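The values are calculated or read from the model by the stated rules, or taken from the named source; none is laboratory data. Note that this is a predicted model, so its numbers are computed, not measured. A quick note on method: Cβ atoms are made from the backbone with ideal geometry, for glycine too, and the neighbour counts reach across all protein chains shown. Note: areas computed on protein heavy atoms with side chains; ligands, DNA, RNA excluded. Shrake-Rupley method; radii C 1.70, N 1.55, O 1.52, S 1.80 Å.
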Amino acid sequence: MRPFWTDSTSYSANCSNKTLAHSPFSTRIHPTLTSFGDEVCAMIARLFAYVGTLALIAIIAVHFWDQLPSLAGDGGLRPHWSLADHSQPAFALGAPDQVGKSIAYAILRHPQGGSKDIFSWPGAGKRPVAELEIYRLGDEAASTWLPLEDLSLRMPPGGELEAAGVVDSKFGTVALFWRASAAAGSKRQPGCLGFFRAVDDPALRISGWSCQGDGLPAQRSAVACMLDRLTLLTSGNEPKLAELFARAELNRRNCGGPGPAASGDWISQADNPHLRGPL
């Protein structure tokens with residue numbers, strides 16, 4: 001016969017196991033905790049996704065905010081250039097202008113150091129018939145228009161700009177351009193003639209256009225005279241600018257006199273040269 005306490009202990013253990021097996025809490029506590037844990041994990045995952053989305057939106061917003069000045073600088077209005085009403089002219093024309101009228105002179109300044117001195121010859125309407133611009137480059141030149149794009153915007157509207165040969169001036173060889181519509185067909189039409197000359201040291205661009213003259217030789221002569229008459233009044237704190245104009249004056253010729261600028265030899269003309277004799 002087993003001891004009483006042995007049977008009692010065994011009975012108690014068996015009773016406890018049966019009670020736990022048939023207890024409602026043994027089958028309901030574990031699924032409830034599992035469901036609660038799944039909900040917590042899902043909530044944390046959604047929270048991380050929400051925070052990550054906000055961070056991505058913030059990064060994109062900061063990027064576009066940083067790019068906003070450059071995007072604004074590429075617009076057609078070209079902000080930041082302002083008219084310098086109280087500045088003294090740095091350039092002049094050494095002879096009366098070719099159309100016998102007064103010349104408008106304007107000076108534009110840029111906060112990043114650039115400056116533009118612009119001569120314009122008034123026409124019958126509001127649009128001028130000729131223009132000459134001396135652009136002293138500053139830090140803004142890296143984001144400004146390309147030279148031909150800028151010249152095309154300033155000239156009277158028409159087709160795309162095409163090369164129209166070169167012309168000699170006291171500043172050296174100057175490239176010429178005209179509208180594609182002016183060069184259409186077998187016979188060249190007189191349209192407006194643009195020009196451009198870049199100088200590396202000092203950083204300088206001389207450009208403009210002229211609608212004066214009947215035919216290409218007369219237009220080329222008008223452009224050459226415009227450049228040869230350009231003189232420097234004051235260089236300010238730019239000794240290299242003074243040196244450039246001093247050297248140019250040594251190459252100055254009589255405006256309208258004989259020479260390549262007036263005659264338009266076959267090398268500098270836009271038209272193809274007429275070859276003589278059989279090939």
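Apply the Karplus curve 6.51 cos²θ - 1.76 cosθ + 1.60, θ = phi - 60°, to the phi angles in the range 150-165 and return the couplings in whole Hz, x for Gly and Pro.
5, 5, 5, 5, 7, 6, x, x, x, x, 5, 6, 10, 5, 10, x
Any chance you could look up the accessible area of residue 166 with a 1.4 Å probe, heavy atoms only, rounded to 10 Å²?
50 Å²
Step through the residues of the range 134-142 one at a time and calculate ³J(HN,Hα) from phi using the Karplus curve (6.51 cos²θ - 1.76 cosθ + 1.60, θ = phi - 60°), rounding each to whole Hz and writing x for Gly and Pro.
10, 10, 8, 6, x, 5, 6, 4, 5
Quick one: which residues, 5+ away or cross-chain, put their amide H under 5 Å from the amide H of residue 123? H built at 1.01 Å from N.
Sorted by chain and number, the residues that satisfy this are 129.
³J(HN,Hα) across the range 102-111 via Karplus (A = 6.51, B = -1.76, C = 1.60, θ = phi - 60°), whole Hz, x for Gly/Pro?
Computed from phi, the couplings for the range 102-111 are 5, 10, 7, 10, 9, 10, 10, 10, 10, x Hz.
Just the Kirkwood number for the range 120-172, please: inverse of mean 1/r across all distinct Cα pairs, in Å, one decimal.
It works out to 13.7 Å.
Tell me the per residue accessible area of the range 118-236 using a 1.4 Å probe; a whole number in Å² is fine.
42 Å²
As an exercise, use a Förster radius of 25 Å and the Cβ-Cβ distance of residue 240 and residue 83 to find the FRET efficiency, rounded to the nearest 0.05.
After rounding, the FRET efficiency stands at 0.45.
Given H placed on each backbone N at 1.01 Å, which residues far from residue 84 in sequence or on other chains put an amide H within less than 5 Å of it?
It is 107, 108, 109, by chain and number.
Provide 39, 131 ordered by accessible surface of protein heavy atoms (probe 1.4 Å), highest first.
Ranked list, largest accessible area first: 39, 131.
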